[in-house]
Amino acid sequence: MLAPSLLSADFGNLEREFEWFNRSAAQWLHIDVMDGVFVPNISFGFPVLKHVARLCRKPLDVHLMIVEPQKFIPEVKDLGAHVMNVHYEACTHLHRVVGQIHDAGMKAGVTLNPATPVSVLQDIIEDVDLVLLMSVNPGFGGQKFIQHTYRKVEQLRELTDRSGSHALIEVDGGVDLTNFRKLRSLGADVLVAGSAVFGAEDPEGVCSLMSV
């Protein structure tokens, strides 16, 4: 699946962006919420995202790059989100947060920063619906893909297979036309692409190609 990142969209022309996005082959819309504390940047708040949710006809994959993400479960639910994604590094009681997300009727995703090993998920992998591997340091778009991510995708695929987990593997950061095929071949299920899609001359064409 392909989940283009809202962070790279033209916010001065959102209606126009969603005209092509809604008819594209992309399956999800990836939304990065940043607080300027957990990551060194601020993106957008829930008033803006309510407008986005009204425009978008695809499932929303909401990625909270914030401290204490559990406080915003009701707001994410109100957006109609399909997946609520929280960082392992931001949750002291991760199992509890995953349960709260499920209780709210959403799929629960857990994100790992580049320096966080896959092994930390050993005791939670059977409870989550998705694991997002950051292939750049979170906080900014347009960064270069970290090559070590390939090995982490392989490690995570081995962990999910061994445990019997049905968690999807998602990769976010520097994903483009040069590496998406290799990521898929190694076991990635969902690819997040920002500038590679929204910055393309033919974004619909790129979505069709990367969604295969």
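Looking at Ala3, is it assigned to a loop (DSSP other than H, G, I, E, B), surrounded by 21 or more Cβ atoms within 10 Å (Cβ to Cβ), at pLDDT 95 or above and not hydroxyl-bearing (Ser, Thr, Tyr)? Answer is no for this residue.
Among the conditions (1) farther than 23 Å from Ile125 by Cα; (2) modelled with pLDDT of 95 or more, Gly36 misses just one, which is (2).
Quick grid of which residues meet (1) modelled with pLDDT of 95 or more; (2) out of contact with any Asp or Glu (no Cβ under 6 Å at 6 or more places or on another chain); (3) among the basic types (Lys, Arg); (4) within 21 Å of Ala9 (Cβ to Cβ):
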| site | (1), (2), (3), (4) |
| --- | --- |
| Lys58 | yes, yes, yes, yes |
| His63 | yes, no, no, yes |
| Glu75 | yes, yes, no, yes |
| Val86 | yes, yes, no, no |
| Val98 | yes, no, no, no |
| Val118 | yes, yes, no, no |
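Can you confirm whether region 169-176 contains a residue that is touching a residue at least 60 places away in the same chain (Cβ under 8 Å) and either under 15 Å from Met134 (Cβ atoms) or not β-branched (Val, Ile, Thr) (or both)? Yes, because at least one residue in region 169-176 is touching a residue at least 60 places away in the same chain (Cβ under 8 Å) and either under 15 Å from Met134 (Cβ atoms) or not β-branched (Val, Ile, Thr) (or both). Total residues in region 51-110 satisfying the condition of being out of contact with any His (no Cβ under 8 Å at 6 or more places or on another chain) and in contact (Cβ under 8 Å) with a residue 60 or more places away in the chain: the figure is 0.
Condition check ((1) of a type in the set (Phe, Trp, Tyr); (2) out of contact with any His (no Cβ under 8 Å at 6 or more places or on another chain); (3) closer than 21 Å to Val83 by Cβ; (4) at pLDDT below 95) across all residues:
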site: Ser163; (1), (2), (3), (4): no, yes, yes, no
site: Leu191; (1), (2), (3), (4): no, yes, yes, no
site: Glu201; (1), (2), (3), (4): no, yes, no, yes
site: Val206; (1), (2), (3), (4): no, yes, no, no
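The values are calculated or read from the model by the stated rules, or taken from the named source; none is laboratory data. Just so it is clear, the model here is predicted, and its values are computed rather than measured. Note that each Cβ is placed from the backbone with ideal geometry, even for glycine, and that neighbours are counted across all protein chains shown.
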